[in-house]
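No lab work stands behind these numbers, since they all come straight from the coordinates. Model, not experiment: these values are computed from the prediction. Here the Cβ positions follow ideal geometry from the backbone for every residue, glycine too, while neighbour counts run over all protein chains shown.
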Amino acid sequence: MGGGTPNRSNKAYFGGSISWVKTTDLNNGLLHSTEETITELGLRKSSCKIIPKGSVLIAMYGGFNQIGRTGLLTFDSAINQAITAIVPNKEKINPYFLLEWLNYRVDYWKRFACSSRKDPNITKGDVEVFPIPRLQIHEQHFAANVLTCWSEAIEIIERLIAAKEEVKKGLMQRLLTGKCRLNGFNKPWKEFQMGDLFKERSQRGNVHLPLLSITREEGVIHRDDVGRKDTSNADKSKYLRICPGDIGYNTMRMWQGVSALSALEGIVSPAYTIVTPRNGVDGEFMAYLFKLPKTIHLFYRYSQGLTSDTWNLKFRHFREIKVNIPEINEQKAIAQVFKACDAELSLYRKKLAALHKQKRGLMQKLLSGHWRLNVIEEAKK
């Protein structure tokens, strides 16, 4: 069964007491809340239907990354037309087992959607014929209980990472603006132009060096680690050299915060700009300062171009930007605070990745029927 979307031009249809699920609400797990609600009038004037709690939802379309996303309702709710709902017969199928099976086969949904139609999507009919393992209901309960333990552990780590990231954001707002000072530092901060703090590195012709890429989240990495098709030019004679301690930024996306401090030596596309800190400037501190929303807004203001597709921040404009920074020792001390934050976050992310890997292994054994409950019970005797 599907749903509909009340007419958004009528404000009387939204903001009521009825939960309304969109594809962006689906989290591949238990669904405890929705971003929006609708009114009784909105329900009547649309094709929305109330779906009972315990139902498993599947995104049929709404973008390639949304197709196949799932959610298990913990409350009665209406759903939009991009979602189909399965109301399980609990005597034959455990809802959480069904949810995990659908999540386990998400690649199947994406391959099927892309190969069978011009516009990627899945249909209610596709869902109806989707094969489900013929495990007895008590085996489904067992598999669901095991996987629930890992899901809860994953959720705890995800919440912890989110909390740690919020703490880091708060520290950045205070420490990188001078609103809060570390113990032992009281010298006033001074204003400088970026041209006083950096010089541009425009060395070309180092084709023997490895090809690197500058990413917003992972920093400067080898191009082969990006995971996307290599679209670089065969002739790399005009590619720019980047060295450890340099900061590279995407000339056309600096206003979106795409910059990183490099720990590697290599070459990058001419689409990047490479800057080298001058004496008295700590590159690690400046790399964190470049991620501060206030600084990113400055990059946006100084970017040139008629539309967002053409905005660019070349060095001649970058060097005019003014920022307030402390003396070098305080820069280093502040950078160490954020490096400690990043190290802690890295440990939790590795723990999260390990839990996901363990859960995938369990899913492969339990959901495929390779591990049967009677075999496990016999092993315990």
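If you take every DSSP beta bridge whose two residues both sit in the range 26-170, what share of them, in percent to the nearest 5, is antiparallel? Given both bridge residues lie in the range 26-170, the antiparallel proportion sits at roughly 75 percent.
I'd like the antiparallel share, as a percent to the nearest 5, of DSSP beta bridges with both residues in the chain.
Details: 37 of 43 bridges.
Taking every DSSP beta bridge within the chain, about 85 percent pair in antiparallel fashion.
For the chain, the longest principal axis of the Cα atoms and the long axis of helix 293-302 meet at an angle of about 60 degrees.
In this rough spin-label picture, where each label sits 7 Å from Cα along the Cβ direction, the E155-N28 distance is 1.5 nm.
Where both residues lie in the range 192-293, what percent of DSSP beta bridges are antiparallel, nearest 5? Write out the running numbers ahead of the final one.
Numbers: 19 of 20 bridges.
Around 95 percent of the beta bridges assigned by DSSP in the range 192-293 are antiparallel ones.
Once a ≥ b ≥ c are taken as the square roots of the eigenvalues of the Cα gyration tensor of the range 11-132, is the result rounded (a/c under 1.5), prolate (a/b larger than b/c) or oblate (a/b not larger than b/c)? Oblate is the answer for the range 11-132, as a/c is 1.5 or above yet b/c matches or exceeds a/b.
For the residues A234, A333, A143, a GNM of the chain with alpha-carbon springs under 10 Å puts the largest fluctuation on A234. Distance from the alpha carbon centroid of the range 262-310 to that of the range 166-241 works out to 6 angstrom.
Label zone (S237, point 7 Å along Cα-to-C-beta; backbone nitrogen cut-off 19 Å) within the range 244-273: 267-271.
Annotation: amide H of Q81 within the under-5 Å range of G3, G4, T5, sequence separation 5 or more or interchain, hydrogens built in the peptide plane. Partner lysines whose Cα lies under 16 Å from the Cα of K179, excluding those fewer than 8 positions away in the same chain, are identified as K168, K169, K187, K190, K294.
Spin-label pair K365-D126: with each label point 7 Å from Cα along the Cα-Cβ axis, the two points sit 3.2 nm from one another. I'm spelling it out carefully: the read-out is Rg and Dmax of the Cα atoms in Å, the candidates are (1) 20.6, 63; (2) 19.7, 67; (3) 26.2, 75, and one was derived from this structure. Which label? Answer by label: (3). Could you state the angle between the C-alpha long axis of helix 328-366 and the longest principal axis of the C-alpha atoms of the chain, as a value from 0 to 90 degrees rounded to the nearest 10? Result, in degrees: 20. Taking amide H positions as modeled 1.01 Å from N, with prolines and chain starts lacking one, the residues under 5 Å from I321 and 5 or more places away or on another chain are M194, G195. Each residue in Y104, Y300 was given a count of other beta-carbon atoms within 10 angstrom of its own, and listing them fewest first yields Y300, Y104.
Once the Cβ-Cβ distance between E191 and K49 is put in as r, and R0 is 56 Å, what FRET efficiency do you end up with, to the nearest 0.05? Spell out each step's value before the answer.
On the way: r = 61 Å, r/R0 = 1.08.
About 0.40, to the nearest 0.05.
Against the chain, whose longest principal axis comes from its Cα atoms, helix 95-104 is set at around 50 degrees.
The range 118-162 and the range 1-62 have Cα centres spaced 21 Å apart.
With point charges of +1 on the Cβ of Lys and Arg and -1 on the Cβ of Asp and Glu, referenced to the Cα centre of the chain, which listed residue (L212, V275, A354) lies farthest in the positive direction of the dipole? Of the listed residues, the answer is V275.
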